[in-house]
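A short write-up of the structure that comes next.
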Amino acid sequence: MKFRQGIAVAALGTALMGCGVQPTGVIGAGEPASGLTRGMRLYYASADGLRAVPLIDKKVDDLNGVLKLLGARLPPAEQGGGLTSLVHLGGYSATGSGTRVTVRLEGLYGESGRDQATGQLVCTLARAQSVLEPKVRTDDVEVTLRPSEGAALGPYRCAEFLDG
């Protein structure tokens, strides 16, 4: 019986070697992809949680400009994709330095602080701060919301609002 098994294994090995596939060495293709992409992104709410949308055709030079875009109408390409903006701000002023971002809001902030609207603000501003200050990682940015009425909310990190 062992003799027959040996013959079968040898025959199988010979058949596999004769299939025309030649062994190759390592083929270099450059550096592997790593980390997150660096471009500016706006975060929108969806039934599945927050989703990032890249800003391809717009240049933003400060955090206030990012908030203005987030509060504007959803880009046409994203309107049919189940995305929406829950951010509705009156007056605001956003400033950032290093890993800290502060948003000063006029009046009360109408959200709980643990909702998708707040997540949109936090993730969008964290991403923007890391693009505006390239040595800062998005994951390290802490965003604090300071309404003129009521208690401050945060600091929050984007990871607190992302599923997974």
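Each value in this text was obtained by applying a stated rule to the coordinates, not by laboratory testing. As the structure is a computational prediction, the values presented were derived from the model and not from experiment. We place every Cβ from the backbone using ideal geometry, glycine too, and count neighbours over all the protein chains shown.
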For LEU153, net neighbour charge (Lys/Arg +1, Asp/Glu -1) across residues whose Cβ lies under 14 Å away: -1
Cα→Cβ-extended label distance, 7 Å offset, between LEU74 and LYS135, nm: 3.9 nm
Additional length obtainable on full extension of the chain from THR84 to GLU160, 0.36 nm per residue less Cα span: 25.4 nm
Charge context of GLU142, other residues only, Cβ under 11 angstrom, K/R +1, D/E -1: -1
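Which of the trypsin sites (Lys or Arg not before Pro) across region 102-164 are loop residues per DSSP, with 10 or fewer other Cβ within 10 Å? Kindly include the intermediate steps, with their values, before the conclusion.
Details: sites: ARG104, ARG114, ARG127, LYS135, ARG137, ARG157; in loops: ARG114, LYS135, ARG137, ARG157.
The qualifying sites are LYS135.
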